[in-house]
């Protein structure tokens, strides 16, 4: 026995040593790559997996095979690239195996329902919080800690930890579950061991290479979230925009046809009294008329939405930014109670869009709304004054007049964001070097001159951020329109489509008409519009910095 | 890593484990795993569930079915929950789970379609009548005819309003009415909600008496509306919301229609439709009505509108909020005679359900006379069954309004059934018509221009 044990120990030690582990790691990645290749073949041969999903899986699995080849080659040659590829593949395999395990054991579904049973644990949780607070009191610190731990344990029991654990173990005990557990464990152990100093030295790691791996690991939670929930859907929507798809059946690839329909315009001449459809090409509807010239579009509603959003942004942007700058200047003082005012102006920003829009919908009601009531009160007060001409209070139809509906949206949007922009400007103002103002005052500059020639230039970076972020929000307008104009068709479009914005339009196309391909194409056109707006802002900012 | 971070990590993992024990995590009705979950996986939470609440967890051997409606208020949610529990208790083989959907303005259909695309929609759900063609043509709901013919549970097409069943049985491939896409949950009609205090103050004639005497027509309607509107600039004689059915009534009552007879072309450019829209537009342009596009319900409930056109579904809100003397009256007869809409929605079966027979059985149970009676007691809508007069009597006993008969009368007065557009795209038709009517009411286009151009974009939707 002792002989066997002595023989065994060096063998294990050799296997766990850096050279032994590297050989094992290379073997593991050969297996990993073969499994990925087999999976890719299975996807190709599968009759149940098709369309975009199959394409996506094939691309992903091919990337895994390629990464495994790089890892194996690099590990055998003891290069940094091999180490990097091995760590990345193992880390991603661990994450993927864990996610699939949680999915197949219904943990994600259970998280939804945890809310229902969580209430039973709240009393214990409150005790735990109280106990934690009491750990600050020295004489009872030890007892409070134990009470807190007991309360946390009681919370978990109350919300169903024990049956949950049993259920989880029961489900994970299936062949698939065990395979996923094994895959996750092997991957995480491999990634952790590869990162250790002796293995790094053996693989001739450089400080720069170590820093790269550490950096990637640090950003990986955010990076994976970005890839899964932003970049992935973004690319998927690009793929969908090249298809005719209703979200239910199989997508039909139609190339750029959706984009062609969006941008198709034509021009014709018409006599007075002649309707556009009489003179325009088949499939085109009248978009605008200039005298006898009729402009037609295959999708006039899209162009209407673009025109609406440009007008909206042109009005809402200055109304959300310029007042904010002046408000920030006023609030940039140490007057008593100034913090209360700062908080008050900020409140609309933290209120939900739906709540804000609902309140404004009541205020804007032309018959029983407070705004028209206020107008009538002001008119009454004016008329009560002597020697003044009598005025008649109008009853603006804020939500049903197609000439006013967009203005109503501008008011709501500006009211909501002016406070947030004020806080941003305030932060910018407080970073302006006060000696600049002092020097200007000594030189005899007026208050306006100081504001114009010191404050505004100093605020350029803040102004860039405020204009860019508010502009993007304006171009993406959706919630306010939908809540203010819920009874119009499409929802949020307002009287005669006067508040139809690109996002409202693409929502209608995608989720009411279920033209997912066309809606995705509209989304990409909007993306390009926002990108162009932001790009121009960046260019202007850069030019200003370089000019300075 | 500090001890507190380890503790935090352990807490998160423990919460994940606890999530496995939560009720829904073991619900397999839509997950593709066995419907019959092992009994030992039942959690404490499920055991602790009050006996009077529906159990999400199917018992051993039971089939789990989920179903959904679009309730208009909490009272309806309560009634449908009660119905679900009653049906569940009387049905040994099936475990029911009722899911109240969002309201009309919270995009009930959009959420439902998205869930269907994701494969998480309920087995049985309610959809408005206008959506049936869209759902059927996309293959989202089952043709239930074969199942219906194989069971005694189905009372037959004759047990429901014929106008509705005619639209609910269209088979576009066969070109006849041999399909069965679902069964109507209930029906409803329009009526005018009256502010009797305002009408009396204006010295106008009582619309109910005018209706009883056969004198309730557009002329007398306008006289009452004008009298009430003359009380004060802040008071309107009439109000209705911006919805396709509202201008549709004026078109229909003038003898017109949205569509031609076989519903394959636009007919909004007919002279009859023009006459109806001319009368309607006059109400707005003469300042008698709440501005078109404004929600007319808040001013009506605030006591500032004499007559408010809406369906029976507005009754619970009016009962709760109106502080004035109110009642209802049938819609006035137009130049084309009496007219109304027959609104309806249907319970349909998800094409992806694993239990189509049981799902159809559930549909028949939800539309049984007994269940319809329970719902009729709420008074929100009219029962869809016509083979049980007692159910209608139950509906009529729900007062106020005293004149609940106004809604029932609407069914017999040349109603036009809210209908799916089997040969066209209803959302596109609706989306193209609404702004044109808004432009007409606003005076941005003349009646001549409207008549000349309205059908161009509408015909493109067929």
Among the residues of the stretch A:386-400, is there at least one that is in a helix (DSSP H, G or I) and crowded, with 17+ Cβ neighbours inside 10 Å? no
Residues of the stretch B:344-390 being assigned to a helix (DSSP H, G or I), within 20 Å of residue B:90 (Cβ to Cβ), touching a residue at least 24 places away in the same chain (Cβ under 8 Å) and over 19 Å from the mean Cα position of the chain (by Cα), in sequence order, are B:357, B:358, B:359, B:360, B:361, B:362, B:365
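Let's see how each residue does on (1) in contact (Cβ under 8 Å) with a residue 60 or more places away in the chain; (2) within 10 Å of another protein chain (Cβ to nearest Cβ):
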| position | (1), (2) |
| --- | --- |
| B:239 | yes, yes |
| B:261 | no, no |
| B:264 | yes, no |
| B:299 | yes, yes |
Could you list, in sequence order, the residues of the stretch A:110-145 that are within 17 Å of residue B:7 (Cα to Cα) and surrounded by fewer than 12 Cβ atoms within 10 Å (Cβ to Cβ)? A:133, A:142
If a residue must be closer than 17 Å to residue A:413 by Cα and surrounded by 18 or more Cβ atoms within 10 Å (Cβ to Cβ), how many such residues does the stretch A:328-347 contain? 1
Please determine, by comparing only the residues of the stretch A:92-129 that are more than 25 Å from the chain's Cα centre (by Cα) and under 30 Å from residue A:207 (Cβ atoms), which one is nearest to the other protein chains (Cβ to nearest Cβ). A:94
Looking at residue B:203, is it surrounded by fewer than 19 Cβ atoms within 10 Å (Cβ to Cβ) and on the phi > 0 side of the Ramachandran plot? yes
Given (1) more than 10 Å from every other protein chain (Cβ to nearest Cβ); (2) in contact with a helix residue (DSSP H, G or I) (Cβ under 9 Å, 6 or more places away or on another chain); (3) assigned to a loop (DSSP other than H, G, I, E, B), where does residue A:360 come up short, assuming only one miss? (3)
Residue B:410: passes all of (1) surrounded by 21 or more Cβ atoms within 10 Å (Cβ to Cβ); (2) touching a helix residue (DSSP H, G or I) at 6+ places or on another chain (Cβ under 8 Å); (3) not in a loop (DSSP other than H, G, I, E, B) but (2)
Checking residue A:3 against (1) over 29 Å from residue A:80 (Cβ atoms); (2) modelled with pLDDT under 75; (3) touching a helix residue (DSSP H, G or I) at 6+ places or on another chain (Cβ under 6 Å), only one condition comes out false. Which one? (3)
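Do we have residue B:291 as at pLDDT below 95 and farther than 29 Å from residue B:428 by Cα here?
Judged against the criteria, residue B:291 is not a match.
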May I ask you to say which residue of B:172, B:151, B:120 is within 14 Å of chain A (Cβ to nearest Cβ), surrounded by fewer than 16 Cβ atoms within 10 Å (Cβ to Cβ), over 18 Å from the mean Cα position of the chain (by Cα) and in contact (Cβ under 8 Å) with a residue 24 or more places away in the chain? B:120
Across the stretch B:277-293, what is the total count of residues that are in contact (Cβ under 8 Å) with a residue 40 or more places away in the chain, surrounded by 23 or more Cβ atoms within 10 Å (Cβ to Cβ) and within 10 Å of another protein chain (Cβ to nearest Cβ)? 3
Within the stretch A:161-190, tally of residues that are surrounded by fewer than 20 Cβ atoms within 10 Å (Cβ to Cβ), within 14 Å of chain B (Cβ to nearest Cβ), without any contact (Cβ under 8 Å) to a residue 12 or more places away in the chain and in a helix (DSSP H, G or I): 5
Across the stretch A:363-380, which residue is nearest to residue B:293 (Cα to Cα) among those that are part of a helix (DSSP H, G or I) and touching a residue at least 12 places away in the same chain (Cβ under 8 Å)? A:364
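Residues that are closer than 30 Å to residue A:472 by Cα and surrounded by 20 or more Cβ atoms within 10 Å (Cβ to Cβ): does the stretch A:364-382 have at least one?
Just the residues of the stretch A:364-382 that are closer than 30 Å to residue A:472 by Cα, to begin with: A:364-365, A:371.
When the remaining residues are screened for being surrounded by 20 or more Cβ atoms within 10 Å (Cβ to Cβ), the result is A:364-365.
Checked the stretch A:364-382: at least one residue is closer than 30 Å to residue A:472 by Cα and surrounded by 20 or more Cβ atoms within 10 Å (Cβ to Cβ).
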Verdict on residue B:425 being away from chain A (no Cβ under 14 Å), buried (at least 17 other Cβ atoms within 10 Å of the Cβ) and under 27 Å from residue B:242 (Cβ atoms): no
Filter result for residue B:130 (assigned to a helix (DSSP H, G or I) and either within 14 Å of chain A (Cβ to nearest Cβ) or out of contact with any strand residue (DSSP E or B) (no Cβ under 9 Å at 6 or more places or on another chain) (or both)): yes
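The values are calculated or read from the model by the stated rules, or taken from the named source; none is laboratory data. These numbers come from a predicted model, not from an experiment. Cβ sites come from the backbone with ideal geometry, for glycine too, and all protein chains shown count toward neighbours.
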